[in-house]
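Below you'll find the structure, written out as C-alpha cells, and then a few comments.
The values are calculated or read from the model by the stated rules, or taken from the named source; none is laboratory data. For clarity, every value in this text was computed on a predicted model and none was experimentally measured. Virtual Cβ from ideal backbone geometry, glycine too; neighbours counted across all protein chains shown.
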Amino acid sequence: MVIEGIAAGHLSITQRRKLGAAFVPEERLGHGTAPRMKLSENALLTGHAASGMVHHGFIDTAATLNTVDRATETFDVRKAKRDPEAASLSGGNLQKFIVGREILRNPAVLVVSQPTWGVDAGAAAVIRQALLDLATAGAAVLVTSQDLDELAEIADRIAVMFHGRLSAPLATSEASREKLGLLMGGSSLEPKEAAHAVGA
Amino acid sequence: MQLVLEKRAERSGTIALVSPLIAIGLTILTMVILFAILGKNPLLALHAYFIAPLTDGYSLQEIAVKATPLVMIAIGLSLCYLANAWNIGAEGQFLIGAVAGSWIAVRTQGTDAGAWVLPAMLVLAAAAGALYALIPAICKVKFGASEILTSLMLVYVADLFLDYLVRGPWRDPHGFNFPTTAEFDPVATVPLLIEGGRLHLGSIIALLVVAAAAILLARTIKGFEIRVVGAAPRAARFGGFNANQLVILTFAVSGALAGLAGIIEVAGPVGHLQPGISPGYGFTAIIVAFLGRLNPLGILIAGLFLALTFIGGEQAQIAMKIPLDVTKVFQGILLFYVLACDSLILYRFKLVFPNRQVTRGAG
Amino acid sequence: MELVEAIILSVLAASTPLLIAATGELVTERSGVLNLGVEGMMIVGAACGFAGAWLTGSIFIGALFGIVAGTMMSLIFALMALGLAVNQVATGLALTILGVGLSGLIGAGFVGERITPAVHLFIPGLTDIPLVGRVLFGEDGFVYVSIALVLGVWWFLYRTRAGLILRACGDNHVSAHALGYPVLRIRTFAVMFGGACAGLAGAYLPLAYTPFFIPGMTAGRGWIALALVVFSSWRPGRLVVGAYLFGAVTILQLHAQGWGVGIPSQFMSALPYLATIIVLVLLSRARSGGSTAPAALGTVFVPDR
C-alpha cells in the first residue's frame with residue numbers, strides 16, 4: 001500500500017492518517033463514532049492526528065466545534081442542537097457527518113465501506129455527490145458497496161471481490177451487469193467462458 | 001404486563017444531576033429503618049453520623065485527613081475504570097508504596113539526614129506503587145489474564161509482605177515487641193498545616209491531584225483517549241488509540257497515586273509503619289470512584305462524604321454504641337442506590353401490556 | 001501413615017468451601033454474569049448459618065439459613081445488574097462490602113458462642129479402612145454435598161437441554177434472545193444458584209470447619225473461589241482439581257511452618273495467591289491471547305423489543 005509515494009503498509013492508523021488516508025467504516029455507531037460522545041468529540045476521534053485540533057497535547061475545542069459546524073453546513077446534517085451525542089442523530093444524518101468529517105480533512109485517499117447503507121434517499125444523494133466532488137478534486141476514493149446501481153453512478157472503475165480475491169478493475173462503461181455477475185459468481189472474463197455463460 | 005428497561009436515545013441531563021441526591025435520600029431512608037431495627041433512635045443516629053462531625057473543628061480536620069487517601073486513590077482508579085481497566089488491587093499498591101517509602105525512613109532513622117528524605121520517600125513510594133500495579137497490567141496486556149483477579153491476589157501478597165517486614169527485619173527494637181517500626185524522624189514525616197492540628201500536606205497534594213485529573217480528562221488528548229477506549233473500544237481503535245498502552249498507563253498512574261497515598265498515610269497521621277496501616281482504603285476508594293461517577297470533582301465530594309461517614313461512624317459508636325459495621329452497610333447501600341439511580345441516566349422504564357399497548361413508566 | 005491421612009482430611013476440609021462457592025459462581029459465569037460479590041455472599045452465609053444452627057440446634061437448619069441468606073444477597077445483585085443493567089463489577093464489589101458489613105452486624109451477637117459441629121459419617125467397617133476409610137466414608141455432609149453438587153452441575157451443563165441453553169446465554173446472549181430464550185430470567189436463576197452455593201460454602205465454615213463464628217472468617221475465600229472458576233476454564237471437572245490443589249497449598253504451608261522450614265510464614269501464606277496469579281497467566285497464555293471464557297461474560301444485556 002502506497003500513499004503519495006510513501007509505503008504505508010506497516011504504519012499505524014494515526015501515521016496513515018497523517019499521510020492523508022481517511023476511512024469511513026461500515027458501522028456508524030460503535031465503530032465510526034463513539035455513540036454516547038458528542039459530535040465534536042467524534043470529530044476529534046479522526047482529526048486528532050493532523051487537523052489542528054490538538055496543540056501540545058491539549059484539545060482545541062473551538063477547532064473541533066468548528067469542524068462540526070462546517071460538516072453540518074456543507075453536508076446538510078440535521079440535528080436537534082449544535083453539538084449532540086452521535087447516537088441521537090438519524091442514520092442518514094450521522095452518515096453525512098461521518099463522511100463529511102473525513103472529507104473536510106482533505107484526504108489524499110478516502111476508503112468508504114457501504115456509504116449509503118440504511119441511509120434515506122436524500123442523505124444518500126448528498127453523500128454520493130460529496131464522494132464525486134472529492135474525487136474530482138484529485139483524491140483517490142475507494143468505495144466498497146453492495147449496491148450496483150450506486151457504483152454504476154459514482155465509480156470510474158469497478159472491481160469485484162470473490163473469495164478474498166479482487167478482480168482486475170473494469171471501466172464502468174464496460175462493466176455490464178452480465179460481466180459483474182460473472183465475476184461475482186467467480187468465473188474469470190476469458191472470452192470463451194464469458195460467451196458460453198452468456199449463451200452466445 | 002411487564003416493566004421493561006429500554007435504552008434512551010440520549011443521556012438524560014436532569015437525571016444525571018438529580019441522581020446522587022435521590023440516591024442519598026433513599027440511603028438515609030434505608031438507614032433510618034436499619035437504625036430502628038437495631039433499636040437506636042434514628043434521628044439521633046443520623047445526627048451522630050452526618051451532623052455532629054461537622055460541628056467540631058478537630059473532626060473537620062479528621063474528615064479531610066481521612067478523605068485524602070480515599071480521594072487520591074479514587075482519582076487513579078477512575079482513570080483505570082474509564083479505560084475499562086479494572087484495577088481492584090489499589091489496596092496492595094497502597095501498602096507497597098507505604099513499604100517502599102518507609103524503607104528510606106527506616107534506613108535513615110537516627111542519622112542526621114537532610115530535608116531530601118521526605119521527597120525521596122514520596123517519589124519512591126509512587127514509583128513502587130506504579131511498578132506493583134504494572135504487574136497485573138502487563139499480565140493483562142501480554143497474556144490476557146484477568147486484571148481483576150491478578151490485582152486482587154497481589155493485595156494479599158502485599159499485606160503479607162508488610163506483615164513480614166514489621167514483625168521481622170524492621171521491627172522497632174525498643175518497641176516492646178509490638179509489630180511496628182520505630183517512630184519516623186521529623187524529617188521523614190509529612191508536615192502539618194495547622195500547628196497542633198491534624199491537617200497535613202497530603203490534603204494539598206490530594207487537591208492538586210484532583211485538579212490535574214480534571215484537566216487531563218477534560219482538556220487533553222490523552223484524557224480523551226482514556227475516555228473513548230472505555231466507552232467505545234472499536235471506535236477507539238478506529239481513532240488510532242492503543243488500548244494496551246492505555247491500560248499500562250492508567251494502571252501505572254493509579255498505582256503511583258495509591259502508593260503515594262500509602263506513604264503519606266504512614267508518614268503523616270500514623271507516623272510509623274505497622275500492619276493494618278490501611279483500614280481498607282484501597283477498597284473504599286473503589287466505592288468513592290463510583291460514587292463520584294468517575295469524575296474528579298465528583299470523587300472529591302464523594303471522598304469527603306465517605307470520610308464524613310467514617311468519622312461519624314466512630315462517633316456514633318462512642319455516643320450510641322452503634323456497631324462500626326453499620327458504616328460498611330451504609331456505604332454498600334449508598335453505592336447500590338447511586339448505581340441504580342445512575343442507570344436511569346442511560347435507560348428508562350416502560351410498562352408493556354400483552355396486547356401491545358405501551359405506556360410510559362418512570363423516567 | 002496417620003499423618004498423611006490427617007493431611008488429606010484437612011485438605012478436604014479446606015477445599016470444600018472453595019469447591020462449593022466456585023461451583024455456584026461457575027454456573028453464574030457460564031450464563032454470562034460476573035458476580036464479584038461471592039465473598040460478601042459467603043460471609044453473610046457464614047453469619048446466618050451459624051445463627052440458624054445456634055438458634056435451633058440443627059446443623060441442617062443452619063445450612064438452610066446460609067443458603068437462603070446467600071440467595072437473598074444474590075437477588076440484590078440480580079436486581080441491579082440484570083434488572084437495571086448496572087455495571088457488574090461495581091455491583092459485585094458493592095455486594096461484597098455490604099455483605100461484610102451485614103455479616104458483622106448479624107454475627108456480632110454470636111461471637112464467642114459455640115455449637116456442636118457437623119456430624120461426620122461413620123459406617124462400621126468402611127470408615128475404619130486405613131488411609132482411605134475416613135476420607136471416603138468418614139466425612140461430614142458438606143463434603144458429600146460438594147461432590148454431588150459438582151457432579152450435578154456437570155450433568156446439568158453438558159447433559160441437559162436447559163444447561164445447553166444456559167451456556168448459550170453465556171456465549172451469545174443476542175442470539176439466545178433472538179431464538180426466544182428468556183436470557184435475563186435464566187441469568188437470574190444462575191445468579192441465585194451462585195448465591196445459594198456461596199451461602200452454603202460460607203455456612204460450612206462455622207458449622208463444620210470450626211464450631212464457632214469469627215467476624216471475617218471467610219478470609220478472602222470468596223475471592224479465591226472466583227480465581228478458581230477462571231483456573232478451571234469454566235469446567236466443573238477441572239474445578240474439583242483446582243479446589244483441592246488450592247486447599248492442599250493452604251494446608252501445606254501451615255505444616256511447612258511447623259516443620260521449621262526456614263521460610264518466613266508470611267511467604268508460605270502468600271503461596272496460594274501467587275499460585276493463582278501464575279496459573280491465570282499460564283492458562284491465558286496457553287490460549288494465545290485470552291481465555292475461553294463465556295464470550296458474553298460481564299457484558300450488559302438489555303433485550304431489544
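Is it fair to say A:Lys38 is under 18 Å from the mean Cα position of the chain (by Cα), crowded, with 19+ Cβ neighbours inside 10 Å and of a type in the set (D, E, K, R)?
For A:Lys38, the condition - under 18 Å from the mean Cα position of the chain (by Cα), crowded, with 19+ Cβ neighbours inside 10 Å and of a type in the set (D, E, K, R) - is not met.
Sort out for me the helices (runs of 4 or more DSSP H) sitting completely within the stretch B:206-267 that have 3 or more residues that are crowded, with 18+ Cβ neighbours inside 10 Å, away from every other protein chain (no Cβ under 14 Å) and not hydrophobic (A, V, I, L, M, F, W, C).
The helices (runs of 4 or more DSSP H) meeting that bar are B:243-265.
Among C:Ser269, C:Ser288, which is more than 30 Å from C:Ala108 (Cβ to Cβ), small (Gly, Ala, Ser) and modelled with pLDDT under 80?
Answer to the selection: C:Ser288.
Please find, within the stretch B:175-199, the residue that is surrounded by the fewest Cβ atoms within 10 Å (Cβ to Cβ) out of those that are hydrophobic (A, V, I, L, M, F, W, C) and in a helix (DSSP H, G or I).
Residue satisfying both the conditions and the ranking: B:Val187.
Which of (1) farther than 28 Å from C:Leu136 by Cα; (2) crowded, with 21+ Cβ neighbours inside 10 Å is the odd one out, the single condition C:Thr56 does not satisfy?
(2)
Under 8 Å between Cβ atoms, at least 6 apart or on separate chains: pull out the pairs that start in the stretch B:209-231 with a residue that is at pLDDT below 95 and end on any residue that is charged (D, E, K, R) and outside any helix (DSSP H, G or I).
Note: pairs meeting the criteria are B:Ala231/A:Arg36.
Please specify each residue of the stretch B:337-358 satisfying the condition of being within 17 Å of B:Ile15 (Cβ to Cβ) and not in a strand (DSSP E or B).
B:Tyr337, B:Val338, B:Leu339, B:Ala340, B:Cys341, B:Asp342, B:Ser343, B:Leu344, B:Ile345, B:Leu346
Of everything in the stretch C:220-229 that's at the interface with chain B (Cβ under 9 Å from one of its Cβ atoms) and buried (at least 24 other Cβ atoms within 10 Å of the Cβ), which residue is modelled with the lowest pLDDT?
Filtering first and then ranking leaves C:Ala227.
Is the stretch A:31-41 home to any residue that is facing another protein chain (nearest Cβ under 10 Å) and touching a residue at least 60 places away in the same chain (Cβ under 8 Å)?
Taking every residue of the stretch A:31-41 in turn, at least one turns out to be facing another protein chain (nearest Cβ under 10 Å) and touching a residue at least 60 places away in the same chain (Cβ under 8 Å).
Return the residues of the stretch B:65-111 that are without any contact (Cβ under 8 Å) to a residue 60 or more places away in the chain and of a type in the set (Lys, Arg); say none if nothing qualifies.
B:Arg107
In this structure, is C:Gly101 more than 9 Å from every other protein chain (Cβ to nearest Cβ), closer than 30 Å to C:Arg187 by Cα, surrounded by 17 or more Cβ atoms within 10 Å (Cβ to Cβ) and modelled with pLDDT of 75 or more?
In short, no.
Filter the stretch C:59-77 down to the residues that are under 29 Å from C:Pro182 (Cα atoms) and buried (at least 24 other Cβ atoms within 10 Å of the Cβ), then identify the one that is farthest from the other protein chains (Cβ to nearest Cβ).
C:Gly66
Give the stretch A:120-137 a look and list any residue that's within 14 Å of A:Phe75 (Cα to Cα) and crowded, with 16+ Cβ neighbours inside 10 Å, or say none.
A:Ala123, A:Ala124, A:Val126, A:Ile127, A:Arg128, A:Ala130, A:Leu131, A:Leu134
Within the stretch B:14-58, track down each residue that is within 11 Å of another protein chain (Cβ to nearest Cβ) and loosely packed, with under 12 Cβ neighbours inside 10 Å.
B:Ile37
I'd like the full set of residues that are among the charged types (D, E, K, R) and facing chain C (nearest Cβ under 9 Å), limited to the stretch B:160-183.
B:Asp163, B:Arg167
Within the bounds of the stretch C:47-58, is there any residue that is more than 20 Å from the chain's Cα centre (by Cα), assigned to a loop (DSSP other than H, G, I, E, B) and more than 7 Å from every other protein chain (Cβ to nearest Cβ)?
Yes - at least one qualifying residue is present in the stretch C:47-58.
Give the number of residues within the stretch A:1-26 that are within 8 Å of another protein chain (Cβ to nearest Cβ) and within 23 Å of A:Leu65 (Cα to Cα).
Residues that pass the stated criteria total 4.
Taking interchain pairs and intrachain pairs at least six residues apart, which have beta carbon atoms under 9 angstrom, with the first residue in the stretch A:48-61 and assigned by TED's automatic domain parsing to the domain that holds A:Lys18 and touching a residue at least 40 places away in the same chain (Cβ under 8 Å) and the second surrounded by fewer than 19 Cβ atoms within 10 Å (Cβ to Cβ) and of a type in the set (Val, Ile, Thr)?
Pairs that qualify, where the first residue is assigned by TED's automatic domain parsing to the domain that holds A:Lys18 and touching a residue at least 40 places away in the same chain (Cβ under 8 Å) and the partner is surrounded by fewer than 19 Cβ atoms within 10 Å (Cβ to Cβ) and of a type in the set (Val, Ile, Thr), are A:Ala50/A:Thr14.
Test C:Gly24 against the stated conditions and say whether it is part of a helix (DSSP H, G or I) and surrounded by 24 or more Cβ atoms within 10 Å (Cβ to Cβ).
So C:Gly24 fits the description; yes.
Search the stretch C:160-181 for residues being within 26 Å of the chain's Cα centre (by Cα) and free of Cβ contacts under 8 Å to residues at least 60 places away in the same chain, and hand back the single one that is surrounded by the most Cβ atoms within 10 Å (Cβ to Cβ).
Top of the filtered list is C:Ala168.
What about B:Leu122, is it in contact with a Leu (Cβ under 8 Å, 6 or more places away or on another chain), in contact (Cβ under 8 Å) with a residue 12 or more places away in the chain and closer than 30 Å to B:Gly223 by Cα?
Spelling it out, B:Leu122 is indeed in contact with a Leu (Cβ under 8 Å, 6 or more places away or on another chain), in contact (Cβ under 8 Å) with a residue 12 or more places away in the chain and closer than 30 Å to B:Gly223 by Cα.
Regarding B:Gln317, is this residue at the interface with another protein chain (Cβ under 9 Å from one of its Cβ atoms), part of a helix (DSSP H, G or I) and not acidic (Asp, Glu)?
No: the conditions fail for B:Gln317.
Within the set of pairs 6 or more residues apart or between chains, which connect a residue that is at positive phi inside the stretch A:85-97 to a residue that is assigned to a helix (DSSP H, G or I) with Cβ atoms less than 9 Å apart?
From the stretch A:85-97, no pairs qualify.
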